[in-house]
Amino acid sequence: MPGRHFLHIPGPTNVPDRILNAMHVAMQDHRSAAFPDLVLPLFDGLKRVFKTTTGQAFIFPSSGTGAWETVLTNTLSAGDRVLAPRFGQFSHLWVEMAAQHGLNVEIQEEAWGTGASPERIHAALAADTGHDIRAVMIVHNETATGVTSDIAAVRRAIDAAGHPALLFVDGVSSVASIDFRMDEWGVDGLVTGSQKGFMMPAGLGLSCFSLKALEAGRAARRNNPLRRSYFDIDAMAASNKTGYFPYTPSLPLLYGLRESLRMIEEEGLENVFARHRLLASGVRAAVTEGWGLQLCATEAKWHSDTVSAVVVPEGKDAVGVIARAATRYNLALGSGLSKVAGKVFRIGHLGDLNELMCLAAIAGAEMAMLDTGITITPGSGAAAAQSVYRAAG
Ligand SMILES: *Cc1c(COP(=O)(O)O)cnc(C)c1O
């Protein structure tokens, strides 16, 4: 199809030309004396984005799923109890991984369209007087439903219970798009990846450990630690200290990350968050005020600034909308995962995006819905979003 492909799934996101060009490099010797000049600043840059001064960041060649495994296996022991709210496909998958590693997962089911409940977390931790629960695992931004949980409130709940559990947070679809404060929120294990807010291809599993998490890992090592080899952070940390990796790193991705961090710093992290909020507000206005449809997120407090899951009317099929958008309008919308398959389509609005790109996605979704027999007023979504964008000045 001629013209641009409109990629509006919630990851991978558009890779800006600057990053594409930065990744177009000849291979180099990753043991050379010059190599640390590339590598060492990446850790500092990541820590600024994560808002941590004391945490230790890791870059593994993997997708975000590998970073999930990095955080779990380097901190816990077999049979450890962990508490995990579950409210969407990604929280579901992380729980599954924890169970596969032999952790004893206490699941807190929450309705899809809602998120982590600080009250229930507080209650579970307060009831755990023996302090058996080693960690609380939360997906900050549930990409399947377009729900953002309040991590600061979860931290307050843990503290109010006087409980020493570690706090692990999946920020794969929030970090570098939605405010994330590792130190202030007392996050002990942060998980993210390169292909969402960082505007890169998939391939870097990014994680960050608090001092408390590093200490927990050392203690676990003395006491039946979870098995790991490739994702062991000790070998990684030993090489990283001088700006190297224990094995061959993906050079193009490291150059891409350097450019990504530069772009984020040039725009300003807070401006990046504000832009995502504005773009998301326009999309939400299109869905609710323009089309008169509902978001999967049940209340405004859950609204995600990186992805909106749009519920199609009863009896209509979201799969058809997505197919029509792809084949006729060259627009990629996100599909409904698992429980919400066929019931929602998702508009990703994160990464390298502006108002007109979001308007294109809205217009395309609008046409695809009309074409597949969903009754909405033509132009209504785009008009509602335009009002939001114009009012922003
Ligand atoms: C995309 C995503 C992941 C998984 O990342 P992969 O890179 O596909 O392994 C995990 N959690 C959340 C919330 C995500 O959005």
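Between ASN354, ASN224, ASN240, the Gaussian network model of the chain with springs among Cα atoms under 10 angstrom shows the greatest mean-square fluctuation at ASN224. Element breakdown for the chain at a 1.4 angstrom probe: carbon and sulfur atoms account for 53% of the accessible area.
Over the chain, average the accessible area per residue using a 1.4 Å probe and give it in Å², no decimals. The partial results should precede the final answer.
Working: 15540 Å² over 393 residues.
About 40 Å² of surface per residue is accessible.
Neighbours of THR13, meaning other residues whose beta-carbon lies under 9 angstrom from its beta-carbon, give a summed charge of 0 when Lys and Arg score +1 and Asp and Glu score -1. Per the Debye formula on identical point scatterers at the alpha carbon atoms of the range 1-158, with no solvent, log10 I(q)/I(0) at q = 0.09, 0.10 Å⁻¹ is -0.43, -0.52. Qualifying trypsin sites (Lys or Arg not before Pro) in the range 218-314, where qualification requires a DSSP coil assignment and no more than 11 other C-beta atoms within 10 Å, comprise ARG222, ARG227, LYS241. For the chain, what log10 I(q)/I(0) values come out of the Debye formula at q = 0.09 1/Å, with one point per alpha carbon and no solvent? Scattering profile of the chain, log10 relative to I(0): -0.53.
Output the peptides 28-40, 201-213 sorted from most to least packed, where packing is the average of other Cβ atoms within 10 Å over each peptide's residues.
Working: 28-40: 13.1, 201-213: 23.0.
Highest-to-lowest ranking by the protection proxy: 201-213, 28-40.
Assign one of three labels to the range 91-198, namely rounded, prolate or oblate, based on the Cα gyration tensor with a ≥ b ≥ c the square roots of its eigenvalues; rounded applies when a/c is under 1.5, prolate when it is not and a/b is larger than b/c, and oblate otherwise. Because a/c hits 1.5 or more and a/b exceeds b/c, the range 91-198 counts as prolate. Exceedance of the 28 Å cut-off in Cα-Cα distance is limited, within the set LYS51/LYS343; LYS212/LYS339; LYS51/LYS241; LYS51/LYS339, to LYS51/LYS343; LYS212/LYS339; LYS51/LYS339. DSSP bridge analysis restricted to the chain gives an antiparallel fraction near 50%, rounded to the nearest 5.
Amide H contacts for ARG86 (H built 1.01 Å from N in the peptide plane; partners 5 or more residues away or on another chain; cut-off under 5 Å): GLN108, GLU109, GLU110. Axis angle, to the nearest 10 degrees, between helix 355-371 and the longest C-alpha principal axis of the chain: 60 degrees.
The values are calculated or read from the model by the stated rules, or taken from the named source; none is laboratory data. Predicted model only: the values in this text are computed from it and were never measured. Glycine gets a Cβ as well: all are built from the backbone with ideal geometry, and neighbour counts include every protein chain shown. Only protein heavy atoms, including side chains, enter the accessible area calculation; ligands, DNA and RNA are left aside. Shrake-Rupley method; radii C 1.70, N 1.55, O 1.52, S 1.80 Å.
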